[in-house]
Amino acid sequence: MRTKITVIGAGNVGATTAQRIVEQQLGDVVLVDVVEGVPQGKGLDMYQSGAVEGFDMKIVGANNYEETAGSSICVMTAGLARKPGMSRDDLLKKNEEIVADCISKVCRHSRDLTIIVVTNPLDAMCEVARRVSKLPKNKVFGMAGILDSARMRAFIAMELNVSMTNIHATVLGGHGDTMVPLTRYCTVAGVPITELIAPDRLAAIVKRTAGGGAEIVNFLKTGSAYYAPSAAAVEMVDSILKDKKKILPCAAYLEGEYGVNGLYVGVPVVLGANGLERVIELKLTADEAAALKKSADSVAELCGLLTC
Ligand code: TXD
């Protein structure tokens, strides 16, 4: 049996996610979008690259969901992206409609689905997907923390001129301006970052991390980041399909962990064959816990505006 992965949205994040999945030979891909011809054209183009890249994964594009039948994972990227001056929250109403529509359709064709939400505002869109799919919380979660942590790792690598792969960083909280980069848990080849970077430089890195998405939006002007976001989503797909049980920061539905109840917030989790298998509870200082609470409060405020 070949593994099938549905990617909804054939825009920047969706198409790049599909490309990474087939190039890493994680499974066959069905790329779905509302715009006629775009998923078909991008799918065929990517499929043809297999002859050169050396993969045999199938990839097809579609405007409906019949082809997605029997998928084990759905990466949900459809929706509007930010333009300069827009916050992620400005996207709420329109993207709620899009996510609700796509998730209800994809669930009709695949019974045993794990949904990775990418669409912004991320934490609220995870909640929409959970409500509409009626799947358990281990099967519906979101990508944000891996991206935010990757940005922090990149900025630390730039500062210290060392390999990004030696750097470990954890960013908690909602995917927004209230995210909580945890410098105390940040290490370079095992050495605490606080021993390597002066407090003012570290504060600047934390600030740049929190504004990392806007920095790219301001450069691109017509859209938001997609290379790092797609890499982050595919790391999640890989850990689930190969049952790697990687510990990764993801948007998870919390029921009491970190003192949060009934909300999606970014926390470290174990991703394996059973989806989000476990939430890892880090010990937080009073300041960190307060920052996380503030972040959770802003997620709660947005979720209060949902109509589904
Ligand atoms: O960290 C994160 N979670 C994020 C989130 C990082 C980067 C981007 N993030 C969000 O993902 C972003 O704010 C957007 O909400 C989504 C998708 O971003 P992308 O950059 O891929 O946007 P595009 O290029 O505009 O693509 C969106 C596609 C486009 O092709 C539309 O035609 C399609 O979504 N779309 C739909 N497809 C299927 N069904 C419906 N209803 C639909 N509506 C739009």
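The values are calculated or read from the model by the stated rules, or taken from the named source; none is laboratory data. If you're wondering where the values come from, they're calculated on a predicted model, not measured in any experiment. For neighbour counting, all protein chains shown are included, and Cβ atoms are generated from backbone atoms with ideal geometry for every residue, glycine included. Ligands, DNA and RNA are excluded from the accessible area calculation, which covers all protein heavy atoms including side chains. Shrake-Rupley method; radii C 1.70, N 1.55, O 1.52, S 1.80 Å.
Accessible area per residue for the range 22-109, computed on protein heavy atoms with a 1.4 Å probe, is 50 Å². Below 8 Å between Cα atoms, with a sequence gap of 6+, how large is the relative contact order for the range 145-303 in percent? Normalised by residue count, the contact order of the range 145-303 is 23 percent.
With the cut-off at 19 Å, report for the range 4-142 the share of all Cα pairs above it, as a whole percent. Value for the range 4-142 (Cα pairs over 19 Å): 47 percent. Projecting the Cα atoms of 41, 51, 252 onto the dipole axis of the chain, where Lys and Arg carry +1 and Asp and Glu carry -1 at the beta carbon, places 252 farthest toward the positive end. As a calculated quantity, the FRET efficiency between residue 221 and residue 246 at R0 = 41 Å, using C-beta atoms, amounts to about 0.75. Computed from Cα positions, the angle between helix 92-109 and the longest principal axis of the chain comes to roughly 50 degrees. Scaled against the 2.2 N^0.38 Å expected of a compact globular protein of N residues, the Cα radius of gyration of the chain reads 0.96. The lysines within cross-link reach of residue 244, meaning a Cα-to-Cα straight distance under 23 Å and a gap of 8 or more places when in the same chain, are 4, 137, 139. Per residue, the average separation of C-alpha pairs within less than 8 Å and at least 6 apart gives the range 4-142 a relative contact order of 23 percent.
Summarised as an ellipsoid, the range 71-160 has semi-axes of 27, 17, 9 Å, derived from the eigenvalues of the Cα gyration tensor scaled by 5 and square-rooted, with the largest first. Extending 7 Å from the Cα toward the beta-carbon at both residue 87 and residue 44 defines two label points whose distance is 4.4 nm. For the pair residue 69 and residue 105, the difference between a 0.36 nm per residue extended length and the Cα-Cα distance amounts to 11.9 nm. With both labels modelled 7 Å from their Cα along Cα-to-Cβ, the residue 201 to residue 286 distance reads 3.1 nm.
Figure note: 72, 239 ranked by solvent-accessible area, largest first, 1.4 Å probe, ligands and nucleic acids not counted: 72, 239.
Of 134/293; 94/134; 94/207, which pairs sit farther than 32 Å apart, going by alpha carbon to alpha carbon?
Those over the limit do not exist; all pairs fall within it.
Angle of helix 227-241 to the longest C-alpha principal axis of the chain, folded into 0 to 90 degrees and rounded to 10: 80°. Between the Cα long axis of helix 145-160 and the first principal axis of the chain there is an angle of about 50°, rounded to the nearest 10. From a point 7 Å beyond the Cα of residue 191 in the direction of its Cβ, which residues of the range 158-178 have a backbone N at a distance under 17 Å? Inside the label zone: 158-169. Shown for the range 145-303: the carbon plus sulfur share of the solvent-accessible area, taken with all protein chains present and a 1.4 angstrom probe, equals 55%. One decimal place: the segment residue 257-residue 2 gains 88.2 nm when fully extended, by the rule 0.36 nm per residue minus the C-alpha distance.
Only protein atoms count toward the accessible area here, which uses a 1.4 Å probe; on the range 50-96, the carbon and sulfur part of that area reaches 52 percent. Here the simple spin-label model places points 7 Å from the Cα toward Cβ, and for residue 52 and residue 161 these points are separated by 3.6 nm. Rounded to the nearest 10 square angstrom, residue 287 shows an accessible area of 120 square angstrom against a 1.4 Å probe. Under 5 Å from the amide H of residue 11 lies no amide H of any residue 5 or more positions distant or on a separate chain, with H modelled from the backbone and absent for Pro and chain starts.
If you average over every viewing direction, what projected area does the convex hull of the Cα atoms of the range 145-303 give, in nm²? Before the final figure, lay out each step's value.
Numbers: hull surface 39.4 nm².
So the mean shadow area of the Cα hull is 9.9 nm².
Rolling a 1.4 Å probe over the protein heavy atoms gives the range 145-303 an accessible area of 46 Å² per residue. Considering only 236, 179, 280, the residue lying farthest towards the positive end of the dipole of the range 145-303 is 236, judged by Cα position with unit charges set on Cβ. Enumerate the aspartates and glutamates that residue 83 could reach by cross-link, defined here as Cα to Cα under 14 Å, with residues fewer than 8 away along the same chain left out. Filter leaves 215.
Order the following by accessible area, largest value first: 201, 151, 108, 278. Probe radius 1.4 Å; ligands, DNA and RNA are ignored.
Values: 201 110, 151 30, 108 175, 278 135 Å².
From most exposed to least exposed: 108, 278, 201, 151.
As a length-normalised measure over Cα pairs under 8 Å and 6 or more apart, the relative contact order of the chain settles at 17 percent. As a rough guide to protection, the peptides 120-126, 245-251, 16-22, 280-286 ranked by mean Cβ packing within 10 Å, highest first, stand as 120-126, 16-22, 245-251, 280-286.
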